[in-house]
Amino acid sequence: MTKKKTKKLQQILRARWQLWVVILCAAIIGAVVGVRATYNSAWAQHNVIRLRAERSVKEELAPLRASLTALGFTNLSELDTKCATTQPPEPTVNPQHPNDIPDAPIPVFECSSGVNRYVVLPADAAGKTAFIRQAQELSRTLRANGWTSREDYPTVPWFQSVAGGVDYQPDQLNTKNIGNVHCMVDFFTAFSKPKPPAISLQASCNTADSEFKF
């Protein structure tokens, strides 16, 4: 083989090698861009769900704020938000139709945002009377804004029992659904005798959506 042919062959091999390098780099860049786009889309979706939960609890607590504050529950604007991805259980195959394989479950991203507060009830008779009056106002406001209270422990009798020193009874739960947003205002007895009567409040909104719906 002449030097001229050898040089030409080397040039051809070098050009092919450079082409493969370009193709490989393009593939790597494409993969990185794809992963980055998926990450950005997932982050955007998660952020939408988180903001939906926070916005919902702010909107639903707004009409209740005056009554809750009068009862002693303050700092209702300081929200605690928690989010997590959950994996639904794997579907079971029907033994009578073993070839009908169900689709794999899609992970769900869920956010809950709300407040946890605690208040000790007034010890004097006048203070207790005022407290019950505010509980009555809260009950009216809950009903007026579409909340559903548990029938076996309605709001006012429940508060009256706590004010009277009853240190154990089931929680006084109020719920409201707005589309796929589920909200609750839940009261608990938070004392044991001989400590003074106290109530804890858990108010939150929860929302979720399937992952990777882009």
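Things to note:
- Counted residues, the range 55-81 - those being touching a Ser or Thr at 6+ places or on another chain (Cβ under 8 Å), over 15 Å from residue 187 (Cβ atoms) and surrounded by 19 or more Cβ atoms within 10 Å (Cβ to Cβ): 2
- Filtered residues of the range 176-209 (kept if under 15 Å from the mean Cα position of the chain (by Cα), β-branched (Val, Ile, Thr) and at pLDDT 95 or above): 185
- Failed criterion for residue 209 (all others in (1) outside any helix (DSSP H, G or I); (2) touching a residue at least 24 places away in the same chain (Cβ under 8 Å); (3) closer than 15 Å to residue 60 by Cα hold): (3)
- Filter result for residue 63 (modelled with pLDDT under 90 and under 24 Å from the mean Cα position of the chain (by Cα)): no
- In the range 137-183, of all residues being in a helix (DSSP H, G or I) and small (Gly, Ala, Ser), the one that is surrounded by the fewest Cβ atoms within 10 Å (Cβ to Cβ) corresponds to 144.
- When we screen 181, 120 for residues that are farther than 21 Å from residue 57 by Cα and of a type outside the set (Phe, Trp, Tyr), the only hit is 120.
The values are calculated or read from the model by the stated rules, or taken from the named source; none is laboratory data. Since we're looking at a predicted model, the values are computed, not measured. Because the Cβ atoms are built from the backbone with ideal geometry, glycine has one as well, and the counts that use them run over all protein chains shown.
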